[in-house]
1. At a threshold of 8 angstrom on Cα-Cα distance, excluding pairs fewer than six apart, so keeping six or more, what relative contact order does the range 1-155 reach in percent?
2. Relative to 2.2 N^0.38 Å, what does the C-alpha radius of gyration of the chain come to as a ratio? Two decimals please.
3. In deg cm²/dmol, rounded to 500, what helix-only [θ] at 222 nm does the chain give when every DSSP H run of at least 4 residues adds -39500 (n - 2.57) and the total is split over its residues?
4. Would you list which aspartates and glutamates come within 12 Å of Lys42, measuring only between C-alpha atoms, while excluding same-chain residues fewer than 8 positions from it?
5. Write down the Kirkwood hydrodynamic radius of the range 103-156, to one decimal in angstroms, obtained as one divided by the mean of 1/r over all alpha carbon pairs.
6. Enter the accessible area per residue of the range 250-325 (Å², integer; probe 1.4 Å; all protein chains in place).
7. With a 1.4 Å probe and all protein chains left in place, how much of the accessible area of the range 148-232 comes from carbon and sulfur atoms, in whole percent?
8. Just name one of Ala321, Thr235, Asn258: the one whose Cα is farthest towards the positive end of the charge dipole of the range 201-325 (beta-carbon charges, Lys/Arg +1, Asp/Glu -1).
Amino acid sequence: MPTNSSAFAEAKIPEQKSHGGVIFPAVLTPAAAAAALTAAVKEQRPWLDSLLLKHGAILFRGFDAIATASDFNDVVEAFGYEELPYVGGAAPRTNVVGRVFTANESPPDQKIPFHHEMAQVPKYPTKLFFFCETEPISGGETPIVPSHVVYERMKEKHPEFVDKLEKHGVIYTRVLGEEDDPSSPIGRGWKSTFLTADKAVAEERAAKLNMKVEWAEDGAKTIMGPIPAIKEDETRQQRKTWFNSMVAAYTGWEDKRNDPKKAVTFGNGDPLPDHIIYDCLSILEEESVAIPWRKGDVLLIDNLAVLHARKPFTPPRRILASLCK
């Protein structure tokens, strides 16, 4: 993999996989001890964009100058992608600095199932950055998997199910409290979901997402859809991707307010077949790559092409994130 840059060197790690002859993910390390990631990104933006297009994800490892949230924010800014406001997402998050937020703050003993970021709303990020500020004692990987591989395997194994998905799409239903609930992986309250404490403004912002809101005494129910569960990735020869949060919703949207099996249905209201959802979960896990985090790691993911998850972990662990249009 020629880099045309004195700043980057290709690295091989045991966790990488090959899909159709393409290594996943790409891993870049400093070519020289003095290489600065922020400067190198500014110098090599077009080449890095082409690398992301080919591989779907890039792990930057070993750049010692990337130690703080502010350093990470500088790296994100260097790429020049436009920021995406976090409106409509389910995860509890806290702004740290600039464009940097905490990753999902749900309890460490809970796993977060595979999903495309914000696939349950029409306005989702195209790029995701993750940064390891504090590596976990154990566990806590962020597994990633190429979405087109999942689609191809599901289409081969469950063609009628996939055809029905493509015809009807899916509907996501979530019950939100008024305030954030940090004990839940989907505990973002309606005020922070819509970035307002005004119900009328919340309804306006929901309407812009084509989302319905039903108010209750202690919160709200949001209904999104029908929206597509399969997309064509036009940047990659129009191959189809498994662009949804179906498995995440069906297996993980559970707390004192939500029953995960009611969280997602076919777009015509029919329930999803339990055995096929869990079969899809097995495929996701089989095809995924889970690289243990090291302090200073920066992971760039093309959200149009790659699903991600989170494994349970032993604290401390602090992973920061940034979402881009």
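1. This gives 17 percent for the range 1-155.
2. 0.98
3. -7500 deg cm²/dmol
4. Asp74, Glu77
5. 13.9
6. 40
7. Details: 2080 of 4310 Å².
Of the solvent-accessible surface of the range 148-232, carbon and sulfur hold 48 percent.
8. Ala321
The values are calculated or read from the model by the stated rules, or taken from the named source; none is laboratory data. This structure is a prediction, so every number in the text was calculated from the model and none was measured. Here the Cβ is made from the backbone with ideal geometry for all residues, glycine too, and neighbour counts use every protein chain on show. All accessible areas refer to the heavy atoms of the entire protein, side chains included, with ligands and DNA or RNA removed. Shrake-Rupley method; radii C 1.70, N 1.55, O 1.52, S 1.80 Å.
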